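A.B. asks: To start, I am sharing the structure in question, which I have written as structure tokens.
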Amino acid sequence: MNGAKKTINVKVNGESYELSIKPKMTLLQLLRNELGLTGTKQACMDNSCGACTVIVNKMAVKACSVLAMQVNGKEVTTVEGLASKDGKLSILQEAFLEHSAFQCGFCSPGKLMSSTAMLEEMEDPTEEDIRRDMEGNLCRCTGYVQYLAAIKSVVQKRKEGKR
Amino acid sequence: MKDFEYFSATSLQEACSLISQYKDVGKILAGGQSLITLLRQKLISPTCLIDIKGLKELDYIEFDKKSGLRIGALTTHRAIEKSSLIQEKYNVLSEMEKSVASVQTRNWGTIGGNLCSADPIGDPAPSLIVLGAKLKLVSAKGERVVPLEDFFTDYFTTVIEPDEILAEIQLPPPAANTAVEYMKFATIEAGIKIVSTSVAVTVEAGTDVCKDAKIVMSAVAPIPLITKKAAEMLKGKKLTDDVIEEAAKMAASETDPTTDVHASAEYRKEIVKVLVKRATKKAFEKAKKA
Amino acid sequence: MNERSVVGKPLPRIDGKAKLTGRAKYTTDIVLPGMLHAKLLRSPLPHAKIRSIDTSKAEKLPGVVAVITGKDTWGIRYGFVDTPNYPAEERPIAEDKVRFIGETVAAVAAIDPDTAEDALDLIEVDYDPLPPIFDPVEAMKDGAPQIHGEITRTTSCAWEDWGVARKSHSYTPENNVAARALVTYGDIEKGFAEADYIREDHSRSPGTSHMAMEPHTMVASWDPFEEKLDVWMNHMAYELKRYWLHKTLNIPITKIRIHKTYIGGAFGGKAPCFDYEVICGFLSRKLCKPIRIELTREEVFSSCRNSHRFDIDVKTGVKKDGTIVAQHVKVIVDAGAYKCSAPVAMFLSHAMCDCCLDRKNVRHEGVAVYTNKNFNFARRGHGAPQMRLAADCQYDQICEDLGLDPVEFLMKNLRKKGEVIPNGDRLDSFGLPDAIKKSAEAIGWKEKRGKQRDKNRGVGIGINGMFSGSGYWPFACTAIIRLNHDGTITLIEGDCEFGQGADTSYSQIAAEALGLNLEDVTLISSDSELCPMNYSNFLSGGLFVGGGAVYNAALDLRDKILKVASEVMRAKPEDIELKDKKAFLKSNPRRSYTFTEIQRYNIQKHAGDPLFGLGYKKAVPEIEFYPSLSKGTGRFTDAYGFTASTAEVEVDRETGRIKVLKIVVADDCGYEINPAAIQGQMVSQAVQGMGDALYEEIMDDEGRVLNPNLVDYEIPRAFDIPEIEVIDCSDFEPKGPWGGKEAGECARAAVISAIVNAVYDATGVRVMKIPITPERMFNALKAQEK
Ligand SMILES: Cc1cc2nc3c(=O)[nH]c(=O)nc-3n(C[C@H](O)[C@H](O)[C@H](O)COP(=O)(O)OP(=O)(O)OC[C@H]3O[C@@H](n4cnc5c(N)ncnc54)[C@H](O)[C@@H]3O)c2cc1C
Ligand code: FES
Ligand code: FES
């Protein structure tokens, strides 16, 4: 039948779920409406702002433009999954806080997920790499400077840690 | 968004039989980066989606010295951008991919989906056409190979039949003494392309003479536009600034752009002149060193 | 109080952990049990009579709970400007006529958003098209289609409610004129007669989107037993929204509670009352169910307020040496279908700009005109960016014509610290001279100006001044501080956190006054039921007025603590210092009492009187009501913020594309309560100003917005950001909390002019129509060649 519900299995922030959903449900709707994970934001709905960015199998994607059916069997991380359960912020979250890298904060979850994925993928991104990989995350408040600085500080810290 | 039925194909064969069954009401879903927005805006409302994104058999980048490069249709933009093989042998593709949408879209969207969307401002088509790409289309009935330059027919329209699936993009081995340059022009750095162009220049080894050239443009016509006359003007000539400038003017006269919120038709033509000139010069310089 | 330990420090924001972990609740995150979703049907025509609306098919769609039209909300009026002379004329749903594409004509409530949206397609509206009018100049001509008939009043106006004894009357726009303003001082005839050189120019600023990331959203829940409406909404100050919900829905004001949510950006665009808000409350009460309305991005662009489109003619007379002697300004504001704040914007384009330069003899004429387009509201500067573009670019050109240096020109014409300007405002703090000097130095003015055209590079300068809060009914704020048992405090104030950092800055202000750490402050803010009156933020008065109230409350509590401490310690209050939840003797810090002990003592000895602080502040203490919008008389504000900005650009002459190489923002925002937050505000405005100068414009074709999405309306992204240098040129403001004043709005205007002037320096071509898109630049360069 048209629109009949289907079952998917998905791991979100380390927890496994079996869910019965309508095929038209997007990953964003799944996270926000079914799982109550409202940290992931929606600002445009048409794939053009990056506020809804989450990580699927290590890749940053825009949850508003991925069908929930397509993450069947996959691992999803949202902003709620970055800090440890007992309240320790991730190194990027710390850096965002230290650098005042956010204002209204509506774009911040998306930016955090994009930059988290980038720093997983690239050991030592250049300024150009960082800007290119953050291109899909629009922000109206900050003018980007402080949050690019936050990301760079993490790259720097990691380098120093290595030494 | 309207409800639809959903099938996740487990093999290309299954996908072919599903699409032949549902061809009138169904749509192929790859990364959905274009499709989902269309569904949400109700610009199309298929009653059935056949999801091929999971087909590993269409996700590959392979190279053979004789037959050249084969890219599976489900290869993501990001995989092409990051492929060391492509960076080494077809660098222009890797560079071009950097300017396709955003990382998130490149991570999930596929090269096949991009070509099948037939968006006149799409980035990959010009460079792929210049490189001589062919497409392998398969259906339950069999398969056929179509040169990419014959693939597009109108805005958002291609020769692909409703029951066909794009399976592979094929490129010949890189030509000797040849360089390809891709250039784009937008208001903001990663904005909507007002014009983009890909130019291939082959030089007579050790000379300043252009042996062969191909110029393809996007955003200036309903489909990627091959400016044949302009390319002809380069062939057999020493590529001086004047020669290049004249060819660029010719390229502009071959285009038939439209006016939209990003630029007027007249301005697009002016930009064509500049981009073709700059890209040709750059390709020429590189080809001499190649 | 010389050693400061909390204010003046770039402390991490107190909303950081919530916002960075996804726990911060925004309006879009509010979910209530049994909540329904509403969608709005928008007019496809710019001007038409509504003959009839058939909702029967939509009502029958399974899942649809209610469909309402203008018949249900007939007669409800609201508006940002609602004065005895100019009654409000906005309505939640069009009644017998639509006036712009995107106006609401019906609303559907359903079990989910998709069903509501499907139902919209089933509503049949029979329109009778009327001739539309889109150009304000055409609209003012005789015989043009008239957009509004007589505008009558349906309820008492805000002025009356606040006690202004002036009789209201109806208003009939003639030739589509929504309002006029005329401000004059000096004698411009005489001024121009004295001038050695006179220049006339025209400039145009387009409509732009605030583009706050969180789309406009509201959730309302009616409690039929208590007859009370609970609301979560996008706003910039709950008082105004609550007032209008009370007026439009006829619910007692205290029976409306606006709950705190974080707001995902505002920039002015969320302050006024909107159609969907009235509809949301209306439906919730009608159905006794929670209702949620979240607008799409397209609706935000096409049906919510954008910035004002301005056409400005400026005529300026100067002496040979560059001294300005007279200026005549004619402003046309294209108001759109409803006036909203257009009458204010055209007035503010004078009021906000009069604090920078002494122009001696001024005539400022404004007219706001109705057209069949979406209408507008303040965006970060409210009239100033448009006016500064007109003025600062003309000054730049005058300098070019007379061989003067623009920096010296500005310095020569500056007002002076301590000066009382024509409307009576006194410039107690005035960091503008310093800002001009430092911003010029930082860009390399001397070495670069006029010397890089061969490289297609140029530098330019712009300035601006901005209110620190303005007079608007009643525009006063209160704050309450409770001293807790453990010596910490709870600060209760109404301001709303939409990104500007109010929660953090206000907590810093209170903590500093009481010798506490930021962690010792528990904040209750932005809830209309828990917090006292607050009108600060949407009128440029966040820190100065809202923060001022907090400061006063903290001083009140401090005095009370010191009084009790002096009793306990048998010492004079002035010999006692407060620090780390203790009072101690300055001369002998070991003699100390904790706040807990002091509180305990006070309750024992003073009949159980717990200690709390109460503070309030009014934007302009001397004014009773509004300054006159139409005459520009009366005080505007109690303190001005100032900015000078310089920019360096490079122009690709072949394509017309402009690359900004560097932006300098030198800002006088008074004392910097939180330098990191100030840095954020300045960079933010530098980037928004760059977007305004080069990219952003709401484009329309016969009233239909052509770029209502983020693909076609391009805003700066990570790759477009040039080098940005922020220079602190703060001048201590004696009336501000710890010396602080306005920081959030001033710089944007200065940056726009700086970039536009830099483009001239690079090319020798003057473009006074923004944005200077590559195509616009290209065409200007071509015209120059001819
Ligand atoms: C905000 C945004 C910005 C973008 N910017 C750019 C840009 O700068 N440059 C650019 O080139 N592109 C751009 N795109 C387009 C983007 O590259 C494409 O959306 C993407 O590549 C499509 O791939 P997909 O796998 O997601 O296809 P889908 O969305 O799944 O499919 C697209 C269409 O192709 C059909 N289809 C897909 N795969 C096949 C197949 N194998 N056989 C037959 N039919 C198929 C589908 O039925 C559908 O009609 C942008 C898109 C968005 C949303
Ligand atoms: S909400 Fe997904 S990209 Fe904007
Ligand atoms: S912090 Fe508000 S949009 Fe980025």
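The values are calculated or read from the model by the stated rules, or taken from the named source; none is laboratory data. Computed from a prediction, not measured in an experiment: that's the story for all the values here. Neighbour counts are summed over all protein chains in view; Cβ atoms, including those assigned to glycine, are modelled from backbone coordinates with ideal geometry. Areas reflect the complete protein model, heavy atoms only, side chains present, ligands, DNA and RNA absent. Shrake-Rupley method; radii C 1.70, N 1.55, O 1.52, S 1.80 Å.
A.B. asks: Going highest first, how would you order B:206-216, C:353-363, C:273-283 by mean Cβ packing within 10 Å? Write out the running numbers ahead of the final one.
C.D. replies: Values: B:206-216: 19.4, C:353-363: 22.8, C:273-283: 25.5.
Packing order, densest peptide first, comes out as C:273-283, C:353-363, B:206-216.
A.B. asks: Rg (Å, one decimal) plus Dmax (Å, integer) for the alpha carbons of the stretch A:6-79?
C.D. replies: Answer for the stretch A:6-79, Rg first and Dmax second: 10.9, 30 Å.
A.B. asks: Next question, about the same structure. Peptides A:112-120, C:320-328: what's the order by average Cβ count within 10 Å, highest mean first? The partial results should precede the final answer.
C.D. replies: On the way: A:112-120: 23.8, C:320-328: 19.4.
Ranking, from highest mean packing down: A:112-120, C:320-328.
A.B. asks: Ignoring everything except DSSP H segments at least 4 long, calculate the 222 nm mean residue ellipticity for chain C; use -39,500 (n - 2.57) per segment, divide by total residues, nearest 500. Before the final figure, lay out the partial values.
C.D. replies: Working: 21 runs with 219 residues, N = 786.
After summing the helix terms and dividing by residue count, I get -8500 deg cm²/dmol.
A.B. asks: Provide C:TYR695, C:TYR760 ordered by accessible surface of protein heavy atoms (probe 1.4 Å), highest first.
C.D. replies: Details: C:TYR695 40, C:TYR760 15 Å².
Output order, biggest surface exposure first: C:TYR695, C:TYR760.
A.B. asks: Hey, another quick one. Just how large is the dipole of the protein assembly as shown about the Cα centre, in debye to the nearest 20, putting +1 at every Lys and Arg Cβ and -1 at every Asp and Glu Cβ?
C.D. replies: Details: 160 positive and 170 negative charges, 292 e Å.
With Lys and Arg at +1 and Asp and Glu at -1, about 1400 debye.
A.B. asks: I'd like the FRET efficiency for A:ASP86 and B:ILE44, computed as 1/(1 + (r/R0)^6) with the beta carbon distance as r and R0 of 45 Å, rounded to 0.05. Don't skip to the end; give the middle numbers.
C.D. replies: On the way: r = 48 Å, r/R0 = 1.06.
After rounding to 0.05, the efficiency reads 0.40.
A.B. asks: Here is a follow-up. Treat every Asp and Glu Cβ in chain B as -1 and every Lys and Arg Cβ as +1, leave all other atoms uncharged, and give the resulting dipole magnitude about the Cα centre to the nearest 20 debye. Intermediate results must be reported in sequence, preceding the final value.
C.D. replies: Details: 39 positive and 39 negative charges, 135 e Å.
Rounded to the nearest 20 debye, it is 640 debye.
A.B. asks: So which lysines can C:LYS735 reach, going by Cα to Cα under 26 Å and dropping same-chain residues fewer than 8 places off?
C.D. replies: In chain and number order, the partners are C:LYS9, C:LYS416, C:LYS417, C:LYS437, C:LYS438, C:LYS560, C:LYS563, C:LYS579, C:LYS617, C:LYS618.
A.B. asks: Taking a cut-off of 20 Å between Cα atoms, list the aspartates and glutamates near C:LYS60, but don't count ones fewer than 8 places away on the same chain.
C.D. replies: Correct list for C:LYS60: B:ASP3, C:ASP72, C:ASP112, C:ASP114, C:GLU117, C:ASP118, C:ASP121, C:GLU124, C:ASP126.
A.B. asks: Past the 49 angstrom mark, what percentage of all C-alpha to C-alpha distances in chain C do you count? Could the numbers behind the result be given before it?
C.D. replies: On the way: 56438 of 308505 pairs.
More than 49 Å apart: 18 percent of the Cα pairs in chain C.
A.B. asks: Taking accessible area as the heavy-atom solvent-accessible surface of the protein chains with a 1.4 Å probe, which residues of the stretch C:12-54 lose no less than 10 Å² upon going from the isolated chain to the full protein assembly?
C.D. replies: Residues losing area: C:PRO12, C:ARG13, C:GLY16, C:LYS17, C:LYS19, C:LEU20, C:THR21, C:GLY22, C:LYS25, C:TYR26, C:THR28, C:ASP29.
A.B. asks: Now for a different question. Roughly how many percent of the accessible protein surface of the stretch C:6-147 is carbon and sulfur, given a 1.4 Å probe and a whole-percent answer?
C.D. replies: Details: 3050 of 5360 Å².
Taking all protein chains in place, the stretch C:6-147 shows 57 percent carbon and sulfur surface.
A.B. asks: Using only Cα atoms and rounding to the nearest 10 degrees, what angle (0 to 90) does helix A:145-162 make with the longest principal axis of chain A?
C.D. replies: Approximately 80 degrees, to the nearest ten.
A.B. asks: Right, something else. Return the sequence-ordered ³J(HN,Hα) values of the stretch C:763-769 in whole Hz as given by the Karplus equation 6.51 cos²θ - 1.76 cosθ + 1.60 applied to θ = phi - 60°, using x for Gly and Pro.
C.D. replies: So the J values, rounded to whole Hz, are 10, x, 10, 9, 10, 10, 10.
A.B. asks: Still on this structure: Could you let me know the centre-to-centre spacing of the stretch C:133-196 and the stretch C:320-387, using Cα atoms, in angstrom?
C.D. replies: Cα centroid of the stretch C:133-196 versus Cα centroid of the stretch C:320-387: 13 Å apart.
A.B. asks: Applying the Karplus parametrisation 6.51 cos²θ - 1.76 cosθ + 1.60 with θ = phi - 60° to the phi angles of the stretch C:55-67, what ³J(HN,Hα) value in whole Hz is obtained for each residue in order, glycine and proline being reported as x?
C.D. replies: Using θ = phi - 60°, the values come out as 9, 4, 5, 4, 5, 7, 5, x, x, 7, 9, 7, 10 Hz.
A.B. asks: With a 1.4 Å probe and all protein chains left in place, how much accessible area per residue does the stretch B:75-198 have, in Å²? Could you put the intermediate results ahead of the total?
C.D. replies: Values: 4040 Å² over 124 residues.
Result: 33 Å² per residue.
A.B. asks: Can you give me the angle between helix B:265-289 and the longest principal axis of chain B, using Cα atoms only, in degrees from 0 to 90, rounded to the nearest 10?
C.D. replies: Helix B:265-289 sits at roughly 70 degrees to that axis.
A.B. asks: With unit charges on the beta carbons (Lys and Arg positive, Asp and Glu negative) and the dipole taken about the Cα centre of the stretch C:608-676, which residue among C:ALA676, C:LEU611, C:VAL660 sits farthest to the positive side?
C.D. replies: Of the listed residues, the answer is C:VAL660.
A.B. asks: GluC sites (Glu not before Pro) within the stretch C:611-648: which are DSSP loop residues with at most 11 other Cβ atoms inside 10 Å? Numbers along the way, then the final one.
C.D. replies: Details: sites: C:GLU622, C:GLU624, C:GLU648; in loops: C:GLU622, C:GLU624.
Here the sparse-neighbourhood loop sites are C:GLU622.
A.B. asks: Can you find, among C:ILE461, C:PHE377, C:GLY450, the residue sitting farthest towards the positive end of the charge dipole of chain C, where Lys and Arg contribute +1 and Asp and Glu -1 at Cβ?
C.D. replies: Farthest towards the positive end: C:ILE461.
A.B. asks: Enter the accessible area per residue of chain C (Å², integer; probe 1.4 Å; all protein chains in place).
C.D. replies: Numbers: 26080 Å² over 786 residues.
Spelled out: the 1.4 Å probe surface of chain C, per residue, equals 33 Å².
A.B. asks: How shielded is C:705-717 by partner chains, expressed as the average number of their Cβ atoms within 10 Å of its Cβ atoms?
C.D. replies: 6
A.B. asks: Given the convex hull over the Cα atoms of the stretch C:570-663, what projected area results after averaging over all orientations, in nm²?
C.D. replies: Values: hull surface 61.8 nm².
Across all orientations, the stretch C:570-663 yields a mean hull projection of 15.5 nm².
A.B. asks: Could you work out what % of the accessible surface of chain B is carbon and sulfur, using a 1.4 angstrom probe and leaving DNA, RNA and ligands out of the count? Please list the in-between numbers first.
C.D. replies: Details: 5840 of 11530 Å².
It is 51 percent, rounded to a whole number.
A.B. asks: Next question. Per the 1.4 Å probe, what fraction of the accessible area of the stretch A:91-162, in percent, lies on carbon and sulfur atoms? Each step should come with its number before you reach the end.
C.D. replies: Working: 1130 of 2220 Å².
Taking all protein chains in place, the stretch A:91-162 shows 51 percent carbon and sulfur surface.
A.B. asks: Evaluate the charge dipole of chain A about its Cα centre and quote only its size in Debye, nearest 20, assuming +1 on the Cβ of each Lys and Arg and -1 on the Cβ of each Asp and Glu. Working shown, then result.
C.D. replies: On the way: 22 positive and 19 negative charges, 73 e Å.
Rounded to the nearest 20 debye, it is 360 debye.
A.B. asks: Continuing with the same structure: Hey, got the average number of other protein chain Cβ atoms within 10 angstrom for residues in A:56-67?
C.D. replies: Partner Cβ neighbours, averaged per residue: 6.
A.B. asks: Let me check the size of the stretch A:91-162 from its C-alpha atoms; what are the radius of gyration and Dmax in Å?
C.D. replies: Calculated on Cα positions, Rg and Dmax stand at 11.2, 35 Å.
A.B. asks: What number comes out for accessible area per residue over the stretch A:87-163 if the probe is 1.4 Å? Units Å², please. Let's see the in-between values first.
C.D. replies: Details: 2660 Å² over 77 residues.
Per residue, the stretch A:87-163 has an accessible area of 35 Å².
A.B. asks: Oh, and also: Show me, for the stretch C:597-612, the HN-Hα J-couplings you get by feeding each phi into the Karplus relation (A = 6.51, B = -1.76, C = 1.60, θ = phi - 60°), rounded to Hz, glycine and proline as x.
C.D. replies: 5, 5, 4, 4, 4, 5, 5, 5, 8, 10, 6, x, 8, x, 8, 8
A.B. asks: Right, next: Rounded if a/c is under 1.5, else prolate if a/b beats b/c, else oblate: with a ≥ b ≥ c from the C-alpha gyration tensor eigenvalues square-rooted, which is the stretch B:9-65? Don't jump to the answer; show the numbers that get you there.
C.D. replies: Details: a/c = 2.98, a/b = 1.56, b/c = 1.91.
Because a/c hits 1.5 or more and a/b fails to exceed b/c, the stretch B:9-65 counts as oblate.
A.B. asks: Let me ask something else. Ignoring ligands, DNA and RNA, how much accessible area is buried between chains C and A, both sides summed, with a 1.4 Å probe, to the nearest 100 Å²?
C.D. replies: Numbers: alone 28980 and 9290 Å², together 34320 Å².
Summing both sides, the interface buries roughly 3900 Å².
A.B. asks: State which entries of C:LYS39/C:LYS228; C:LYS71/C:LYS270; B:LYS228/B:LYS282; C:LYS39/C:LYS241 exceed 25 angstrom in Cα-Cα distance in the structure shown. Please list the in-between numbers first.
C.D. replies: Working: C:LYS39/C:LYS228 23 Å; C:LYS71/C:LYS270 27 Å; B:LYS228/B:LYS282 19 Å; C:LYS39/C:LYS241 20 Å.
Listed pairs above 25 Å: C:LYS71/C:LYS270.
A.B. asks: Across all directions of projection, what mean area in square nanometres is found for the Cα convex hull of the protein assembly as shown? Present the calculation step by step, with values, prior to reporting the outcome.
C.D. replies: Values: hull surface 203.3 nm².
The Cα convex hull of the protein assembly as shown, projected and averaged over all directions, gives 50.8 nm².
A.B. asks: Additional query: Could you work out the helix-only [θ] at 222 nm for chain A, with each DSSP H run of four or more residues adding -39,500 (n - 2.57) and the total divided by the number of residues, to the nearest 500 deg cm²/dmol? Working shown, then result.
C.D. replies: Details: 4 runs with 48 residues, N = 163.
Mean residue ellipticity at 222 nm (helix-derived): -9000 deg cm²/dmol.
A.B. asks: I've got another one for you. Over the whole of C:115-121, what's the average partner chain Cβ count within 10 Å per residue? Rounded to a whole number, please. Let's see the in-between values first.
C.D. replies: Values: counts 0, 0, 3, 3, 0, 0, 1.
Per residue, the number of nearby Cβ atoms from other chains is 1 on average.
A.B. asks: Among B:40-48, C:334-342, how do they line up by average Cβ neighbours within 10 Å per residue, starting with the highest? All intermediate terms of the calculation are to be shown ahead of the outcome.
C.D. replies: Details: B:40-48: 14.7, C:334-342: 27.6.
Those peptides, ordered most packed to least, come out C:334-342, B:40-48.
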